[in-house]
1. May I ask you to say which residue of ALA553, ALA578 is surrounded by 14 or more Cβ atoms within 10 Å (Cβ to Cβ) and more than 21 Å from LEU702 (Cα to Cα)?
2. Select from region 779-803 the residues that are part of a helix (DSSP H, G or I) and either modelled with pLDDT under 70 or open to solvent by less than 50 Å² (accessible area, probe 1.4 Å) (or both) and list them in ascending order.
3. Output the residue which, of all residues in region 668-709 that are charged (D, E, K, R) and not in a loop (DSSP other than H, G, I, E, B), is least open to solvent (accessible area, probe 1.4 Å).
4. Only one residue in ALA25, ALA12 is assigned to a strand (DSSP E or B) and buried (at least 22 other Cβ atoms within 10 Å of the Cβ). Which one?
5. Filter region 39-65 down to residues that are buried (at least 20 other Cβ atoms within 10 Å of the Cβ) and of a type in the set (Gly, Ala, Ser) and give me whichever is farthest from ALA426 (Cα to Cα).
6. Could you grab me the full set of residues in region 584-632 that are buried (at least 16 other Cβ atoms within 10 Å of the Cβ) and among the acidic types (Asp, Glu)?
7. Determine whether ALA647 is within 23 Å of GLU674 (Cβ to Cβ), open to solvent by 60 Å² or more (accessible area, probe 1.4 Å), hydrophobic (A, V, I, L, M, F, W, C) and over 32 Å from the mean Cα position of the chain (by Cα).
8. Going by what's in this entry, would VAL91 be described as of a type in the set (A, V, I, L, M, F, W, C), surrounded by 21 or more Cβ atoms within 10 Å (Cβ to Cβ), out of contact with any Lys or Arg (no Cβ under 6 Å at 6 or more places or on another chain) and farther than 30 Å from ARG264 by Cα?
Amino acid sequence: MGVLSSGPRILAVLGPTNTGKTHLAIERMLGHQSGMIGFPLRLLARENYDRIVKLKGARAVALITGEEKIVPPSPAYFVCTVESMPLDRMVDFLAVDEIQLCADPERGHVFTARLLHARGRHETMFLGADTIRPLLRILVPEAEYISRPRFSTLSYTGARKVTRLPARSAIVAFAATDVFALAELVRRQRGGTAVVLGALSPRARNAQVGMFQAGEVDYLVATDAIGMGLNMDVDHVAFARIAKFDGRGPRRLSAAEIAQIAGRAGRHMSAGTFGTTAELEELDPEIVEAVENHRFDPLERLYWRNSRLAFSSVGALLRSLDERPALRGLVPAREADDQLALRALAKLPDIAAAASNPARIRLLWEVCQIPDFRKVMSDTHARLLAQIFRHLSGPAERLPADWVAKSVARLDRGDGDIDTLMARIAHVRTWTYIAHRADWLADAVGWQERARAIEDRLSDALHDRLTQRFVDRRGAFLVRQLAGPGELLAAVKANGEIVVEGEFVGRLAGFRFVPDPQATAEAARTLLAAANRVLRGEIAARARALAASGDSAFRLAPDGTLSWSGGPVARLLPGDIALAPRIELLPGEFLEGELREMVRRRLAAFLRDEIRRRLAPLFRARESALSGAGRGLVYQLTEALGSLHAAAVAAQRAALDAADRAALARLGIRFGTEFVYLDRLLKPDALAMRALLWSLHHGAALPASLPPVGQPSAPIAAPAFYAAIGHAVLGERVLRVDRLERLAAAARRLARHGAFAPTPELAALIGGSEADLAAILPALGYRALIEVNGVAVNGVSGSGLTFVARPRRRARPSAAPAKRRAAGEDHPFAKLRALRLAR
């Protein structure tokens with residue numbers, strides 16, 4: 001990145017909402033000659049851009065978001081979304097707002113990258129919740145801290161009906177359908193409401209907030225977009241929902257997230273209140289106490305993704321994206337949309353062929369970063385990205401003007417319902433993003449203006465729809481149909497979606513019905529009642545289909561979950577022996593009796609075959625015709641899942657004759673000085689199965705990762721776990737047993753000639769470094785020496801180490817140990833007595 005890697009001063013301004021953190025940061029930024037500040041939301045960036053323009057003038061301030069760029073010729077200050085911060089610009093002051101979003105599963109890796117790398121020339125400031133303080137101390141130890149107490153109090157007032165909420169209330173939901181239904185209810189009961197959604201354009205959002213601030217309406221219905229610093233005169237925040245979809249599924253908000261939103265009530269010195277409304281019950285007392293007193297559990301992990309990417313090949317780029325963090329407190333981020341898009345496009349032969357050099361690969365990565373604002377990563381979006389890359393990598397190296405015009409023109413329509421308009425707005429936001437790549441388009445400024453104008457027209461049309469009557473038509477329709485005598489038309493799509501009378505009600509995940517996540521608790525019961533009309537027959541059909549499926553339809557996950565056709569259906573439990581775990585079916589409606597047993601038998605057969613397939617050498621050895629001594633050794637090897645310490649089977653090994661050894665060797669059993677093992681069970685697929693079986697049998701959690709293939713690594717689990725997967729713990733390193741045996745043999749050869757030093761050739765035998773050797777050799781019985789004043793003495797670490805084999809200890813008599821023999825004049829210890837070490 002172009003910004004300095006560290007600055008003279010780093011400040012962390014931490015505290016709850018309504019503490020003036022953003023005001024302080026802007027004030028400090030404007031005290032410098034240049035500055036940059038990143039906000040978590042486009043709407044928030046726009047609000048503060050307008051504020052700074054009033055203070056400094058439009059020529060001094062730039063606005064940069066994914067979809068909007070206002071950049072005068074020589075701006076002094078940059079107001080941006082965090083993702084769009086131009087870090088190649090050197091500025092005196094740099095700030096990042098809501099830095100606790102480093103822990104967000106979807107966008108956290110971007111905030112973490114800013115935390116670790118983005119710096120101002122003279123001052124850097126991170127603003128956010130106090131929950132990030134412990135991890136910030138680890139990751140940015142040089143930071144200074146400023147704690148900001150809340151200006152006003154925040155009190156819980158319990159549950160109230162929507163019709164009894166006080167004026168100047170904000171009602172919070174998370175799904176757009178919920179926001180619209182609540183807005184219509186408030187309009188009917190209380191005369192009107194403003195609406196704020198993250199998907200609104202700045203034009204529509206400003207019009208809505210302007211109505212609220214001017215007192216034209218006394219209520220605001222919003223998503224959690226208001227939780228990120230949008231400042232309005234709100235006295236009370238009422239939660240209609242405390243569950244949201246986080247990109248993978250619905251989840252409940254944490255106490256800290258509830259506080260972030262509730263803190264919008266009571267700006268500056270005015271006290272605020274919060275509570276629940278609609279169908280939401282009272283908040284738990286523990287949550288209330290935490291919110292009122294601003295006490296929350298500290299963050300335990302921050303999401304990280306490698307920002308030092310390799311562009312030598314598409315494979316290298318994907319591998320660099322998959323790198324794991326080295327710093328404590330960081331965990332790998334989920335695969336983001338851009339990474340998923342890259343994997344999808346890399347599979348297309350013409351795309352892979354065109355991405356033939358670093359410049360083209362970098363271009364492909366930039367194309368993959370074009371956002372899909374519908375948040376579905378559909379085939380349609382992937383096809384759009386592929387077409388864009390084909391054009392940009394073609395002879396013209398530009399997007400054809402007629403193709404862009406045709407694509408954008410299709411969106412310039414104000415007809416349709418709310419969902420249609422929101423989909424068009426999402427599409428045009430993608431084109432607005434593309435239009436800001438001046439190197440991709442001729443007349444980029446013209447396309448920016450056209451895309452912005454279309455977005456404004458669509459937003460105005462959407463605003464008009466929001467003022468009309470809006471009801472939850474699906475719920476009302478299904479209730480009427482369920483109460484009637486007629487038969488419901490219901491079906492299950494190939495992807496598991498359940499549709500009743502043309503309305504989506506939920507989906508089947510395996511054999512379990514999952515209601516529409518956007519439905520309320522009461523609506524979910526209605527959806528289940530409607531789905532039940534089709535579920536019984538569908539479950540029976542699915543059970544028979546599963547029983548008839550080939551093994552390719554099943555998947556065993558690393559955590560022991562069994563899936564069929566992409567849906568989880570069972571999990572593994574410990575069995576009597578490690579090689580035979582039990583199967584427990586996951587709960588599912590109408591999967592009972594014979595159907596349930598039929599499913600269990602088929603899954604058990606798959607599991608048995610899968611274990612035999614992945615551990616085939618072990619089963620082949622177990623079933624071979626061997627002598628008694630050979631069978632005994634193979635039995636112990638089977639119990640240990642394929643590898644044993646050599647000392648543990650020394651007696652059985654000694655009992656083997658030449659024929660036994662030859663038979664065992666043909667089966668792939670290797671006899672080393674340290675381990676006895678099956679070499680074909682050291683492949684990644686077999687190791688993963690061994691790890692799963694061992695963890696199940698011993699009731700132990702699997703480590704976060706298996707050792708890297710063929711390389712030394714730091715131990716993160718018990719030695720017994722590593723032994724079960726063909727690895728040995730040697731001091732501070734873990735090494736695969738075949739590599740260990742190679743090293744042990746080479747070290748023995750070198751030790752016959754006296755002291756020897758770690759060499760690159762010796763390190764290559766273990767796929768590691770000379771530092772790895774220095775850590776491993778003492779665990780193999782070698783003593784480290786370092787020469788001091790010409791005499792070799794015991795060493796611990798450092799450069800210049802050599803190693804000698806430790807002498808074997810002689811058996812001591814049972815009586816008291818004899819006194820150590822005095823060293824002769826020519827003994828090394830006699831030399832040490834005369835040695836004088838200078839401090």
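1. Working: ALA578 fails: more than 21 Å from LEU702 (Cα to Cα).
That would be ALA553, the only listed residue that is surrounded by 14 or more Cβ atoms within 10 Å (Cβ to Cβ) and more than 21 Å from LEU702 (Cα to Cα).
2. Answer for region 779-803, where residues must be part of a helix (DSSP H, G or I) and either modelled with pLDDT under 70 or open to solvent by less than 50 Å² (accessible area, probe 1.4 Å) (or both): just LEU780.
3. Residues of region 668-709 charged (D, E, K, R): 670, 674, 679-680, 683, 685, 690.
Remaining after also requiring not in a loop (DSSP other than H, G, I, E, B): 670, 679-680, 685, 690.
Values: ARG670: 85, ASP679: 50, ARG680: 109, ASP685: 72, ARG690: 0 Å².
Taking the candidates together, the pick is ARG690.
4. ALA12
5. Step one: of region 39-65, the residues buried (at least 20 other Cβ atoms within 10 Å of the Cβ) are 39-49, 52, 61-65.
Subsequent filtering for residues that are of a type in the set (Gly, Ala, Ser) retains 45, 62.
Working: ALA45: 19, ALA62: 24 Å.
Per the stated criteria, the residue is ALA62.
6. GLU589, GLU610
7. yes
8. yes
The values are calculated or read from the model by the stated rules, or taken from the named source; none is laboratory data. All figures in this text were calculated on a predicted structure; none of them were measured in a lab. Cβ sites come from the backbone with ideal geometry, for glycine too, and all protein chains shown count toward neighbours. For the accessible areas, the whole protein counts, side chains as well, though only heavy atoms, and no ligand, DNA or RNA atoms are used. Shrake-Rupley method; radii C 1.70, N 1.55, O 1.52, S 1.80 Å.
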